[in-house]
Each structure stands twice: as C-alpha cells, then as structure tokens.
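Just below is one structure, and these are the notes that go with it.
The values are calculated or read from the model by the stated rules, or taken from the named source; none is laboratory data. Owing to the predicted nature of the structure, the values given are computational and were not obtained by experimental measurement. Note that we place each Cβ from the backbone using ideal geometry, even for glycine, and neighbour counts take in every protein chain shown.
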C-alpha cells in the first residue's frame, strides 16, 4: 500500500495546475480513476491562485465600485450644487432683469427730464414739462427784450422800432428734444450709458429766437427815404425868360441807403441781441451826365414863327397865354407831347378869353380861340426839327398865318382833336415858346441831327386839286337875338352870312432836306384836305330887308412850284 503521507523536512511541492488533467465526469456508477497526489497538489495550488485572483478581482471590483459610487455621489452632489447655483443665478438674473426692466421703464416713461439737462443755463433735471416751461419764462422774456435799434448816418440817429416785429422762441421744440434724451434707447445698457453720461457731464441746450424781419422792410424804407439822394443827371429845365437861352440844372451825386446790406446788419444785431448802434451803409452813385457836358450838347434844331398882328386883343391874349404854357417843356426820349394836355381845358374859368375860331367852316367865338395858331406854329417847328409826328389834323379851311397844307388844328372845346409829337432822339428835347410883339415863335432844342446827310429842313406845299362849292348858300330863318360870330345879336329884318361859300382844296406838303444850303432830298409830308362849303345865310324875319349879295371867297391859293432835287 502506497504511503501518500508527506515526509517530514521534505519540501512541499507546489501543485502543478498545468498538469491537472481534468477528467470527464463519468456517469454515476462508473468508477473513476484516482488522481495522483501531485495532481491534487496542483489542483489545490491552482485553486488557491484562483481564489487569490478572485479576491484581488473582488477587491478591485469593490474598490472600483466604491470609486464609482463615490464619483457618482460626488457628481450628483456637484450636479445638485451646480443646479442649485444655476437656479440661484437664474433667479438672481431674473430679479436683476426685473429690476433693470422696471428701471428702464421708469426712465423711458418718466414725465420728468433727466438729471444734468439744462437750457440757457437753467437746470431742468427732475422737472416736468410744465415746470420746465415756467422755469424758462424769464429766459424767453430776456431773449425778446430788445425793442429798439439805433441806426446812425451823418451823426444823426434814426431809431428803428422793433416793438411791432413778430418774434417766436423755439422753447417747445427744444424742450421736446431735451425730454426725448435716452428715451429712444433699445436696451437697458445703452439707456444707462447715456443717462449716466448726461448726469455726469451734463447736456446743455440753447433757445433761439426767430423774427419776422420782413415787418421791418417798411420801416427801413421810411428811414432810407429820409436819407436817399438819388443821383441826378444834369438836365435842361427850361429857358431864360429874357434871353430865351436854355437853363440847365446841375447834376447831383447820389447817396442811397443800401437797404439789403442794412437789413442783413439788422438781422445779425437782432438775432445776436447786439445793442450797439448800426452805421447805415450808403451807396454813392455818380451821375452820367454833367452840366458841362449837357451845355455843349444842345443846339437849336429848328424854329418857326407866325404873325398874329391882325387878331383881336382877346385872341392875342390867348396866343400869349398858350405860348407861356408850352414854353420850357422838356420831353424825355420816347416821350409824347400833347398840345391839349399841356394847354388844358379851354374855358373862361381856366383864364381863357372868348375869341373867334373855325368850326365846320364857320367862324364862331370860343373860349381859347386862337390856340390853333399855337399848334400850327409848333407843328412847323417840330417837323423842321425832324421829330416824329404822332397825330396832326388840318383845319376845315385854310388859315391866313401859314401856307396851305402846313397847319395843325386842335379842338378848343372838348379837347377831341389834338396835335401830338414824339421825341425820337436819344436826348431830351426842349420846346421854347415865346411872343415878341405880334410874332409867335417856337424853338426846338436838343442834340444835333443824328446824321451828316443834312443839317436843315424846310417845308413847302403844293396844290393837288380843288373843287367848287356844292351849290347856292343855304338860307336859315333864325329868331331875333341869335348870337352871331362877332358876339352881336340878330335883329328883326337882318340877314347874316354865317358861313361864306368856299371852294375845296387838297394840298400835299413836303419836307425838304438841305446840307450847307443845298437841297439834297425831298419827301412827302402830309395830305391836307380843305372841304368845300355851300355857305349859310341867316335871315331874321321882320321888316323887308334886301338880301345881301353873297360873293364866293375871292381867295385863290398860290401854287407852289416843286423844287428840283439835284442828282447826287
């Protein structure tokens, strides 16, 4: 029998687990082969090793489990702390946001101005709109307190009243701008940045005044009218009554207020509240025509003279009166002279005397009778002076004081028929009219003819045709007391030739141009038609009175032979 007991003092051999042969499990009842001792030892050793591994693994597992539990607990605690911190932070943020939102809304919707806002030095921070307006009333009053400016010229004061000048202070506009500060901010940060900046550094505003300065234009113009001396050219004012020489008014240097510049200075003074006097700006203008220049320019362009020695004293009076009214007339370039306008309405109330005048072929007394000799003489002078005829009409029959075809009538009653001419030169035309004895003269003064083609104009006329009276004189029965042309009254049995039978004539007038006494050209001037008159006899019934013998006018017109124009 084999002794399996271990010998003493023999080293115990570790089991070799690698040699353990695991036998398959036999079915029950089948005998197993017994293991050897070395094999068992190896098994036991292997088992111990496995146990150690299991223990180690268990320890490691426990340690790992403990670590994971610790880490889990720690993480849970940390997560809980973080969640608590997050919740606390969110709550704090919520509270801060609510606080900021409340502050934002309180500032944005506040009815008061921000601290630090001032207008013209008046602090309005913390005030309401109405309180700010009341606080600025003294400022507004001081801004509009200036009510007068002193304008100075030539050491004279010209006060300019500003009391009626409308003014407007932009208080409402500035207050609205100041009130809106920071209130358009989109967020709390930008809002508080602006609010703190305004509180720290201030935000000043300035009121301005607007004036309706156009209301001062009239006042400035009135002041200017007291100062203005417009430049005046030297001019002919008339003639010397004794010498009939031209009288010339000397030129005047102009001193005129520069109203545009003055208004600019006034505007500056008013807007800046300047109180010092303003020197009125003056524009000095020199005249373009001096007396010395004018004196050398004027010449007598033409003259015409007629005789009124056969006139009644009343008619002579009217001729002299009319010459005095026309004398000294100065007609500007382009101006039109009207004889009727110059003489005025002829009436006894206007100082005219009754004298004979032509009316429809008859000679009748009229106030101002004889003025047609004025228009006729003036017509001849004007045409010879080479001025433009605007309107001229011949008499109903030829007149004794001028050649046929060279007369010009005007209507003594009603001023219907006129004689008019125009100054077609570039300088003044002066008309000198005077009487000497029983001679009437008109002179036309101005610059010389604007040509070297001629230096003098003469007038002629020629008969074109004639025709006899249309029949025997007409007899008209008139009552006693009918006034005749001589002013006397018809008496019973009297007959009176009221209109003398006359032939009719047509005349052509001419302008004859001379140079140094030689005729250089001839032009037609006007056609004058003198009507034929049948004649008119007034009969006043009464004692039989023989009819007067009426002889047609024995006057025969003088033919005017046309002058021969030399060929150039």
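Observations
- Residue within the stretch 178-186 that is modelled with pLDDT of 85 or more and assigned to a helix (DSSP H, G or I) present: yes
- Of all residues in the stretch 139-151, one or more are exposed (fewer than 15 other Cβ atoms within 10 Å of the Cβ) and assigned to a helix (DSSP H, G or I).
- Residues of the stretch 309-320 satisfying the condition of being more than 12 Å from residue 434 (Cβ to Cβ) and in a helix (DSSP H, G or I): 313, 314, 315, 316, 317, 318
- Residue within the stretch 402-409 that is under 25 Å from residue 341 (Cβ atoms), surrounded by fewer than 18 Cβ atoms within 10 Å (Cβ to Cβ) and touching a residue at least 40 places away in the same chain (Cβ under 8 Å) present: no
- Any hit, the stretch 225-234, residues being within 30 Å of residue 427 (Cβ to Cβ), surrounded by 13 or more Cβ atoms within 10 Å (Cβ to Cβ) and touching a helix residue (DSSP H, G or I) at 6+ places or on another chain (Cβ under 6 Å): yes
- Condition check for residue 458 on (1) crowded, with 18+ Cβ neighbours inside 10 Å; (2) in a strand (DSSP E or B): one failure, at (1).
- Only listed residue being more than 30 Å from residue 297 (Cα to Cα), modelled with pLDDT under 95 and in the same structural domain as residue 129 (by TED's automatic domain parsing), chosen from 195, 220: 195
- Members of the stretch 259-286 that are buried (at least 16 other Cβ atoms within 10 Å of the Cβ), out of contact with any helix residue (DSSP H, G or I) (no Cβ under 7 Å at 6 or more places or on another chain) and modelled with pLDDT of 90 or more: 265, 282
- Those residues of the stretch 170-184 which are crowded, with 18+ Cβ neighbours inside 10 Å and without any contact (Cβ under 8 Å) to a residue 60 or more places away in the chain, in sequence order: 171, 174, 175
- Just one of the numbered conditions (1) at pLDDT 90 or above; (2) not in a loop (DSSP other than H, G, I, E, B) is not true of residue 115: (2).
- Extreme residue, modelled with the lowest pLDDT, among residues of the stretch 341-372 that are in contact with a strand residue (DSSP E or B) (Cβ under 6 Å, 6 or more places away or on another chain) and within 16 Å of residue 310 (Cβ to Cβ): 363
- Residues that are modelled with pLDDT under 95 and over 23 Å from residue 534 (Cα atoms) were ranked within the stretch 453-486; the one that is nearest to the chain's Cα centre (by Cα) is 481.
- Odd one out for residue 130, checked against (1) closer than 30 Å to residue 143 by Cα; (2) part of a helix (DSSP H, G or I); (3) touching a helix residue (DSSP H, G or I) at 6+ places or on another chain (Cβ under 7 Å): (3)
- Where residue 392 falls short, out of the listed (1) under 27 Å from residue 500 (Cβ atoms); (2) surrounded by fewer than 20 Cβ atoms within 10 Å (Cβ to Cβ): (2)
- Pair list, Cβ < 6 Å and 6+ apart or interchain, from the stretch 358-380 residues that are closer than 23 Å to residue 509 by Cβ and assigned by TED's automatic domain parsing to the domain that holds residue 458 to residues that are part of a strand (DSSP E or B) and modelled with pLDDT under 95: 361/499; 361/533; 370/355
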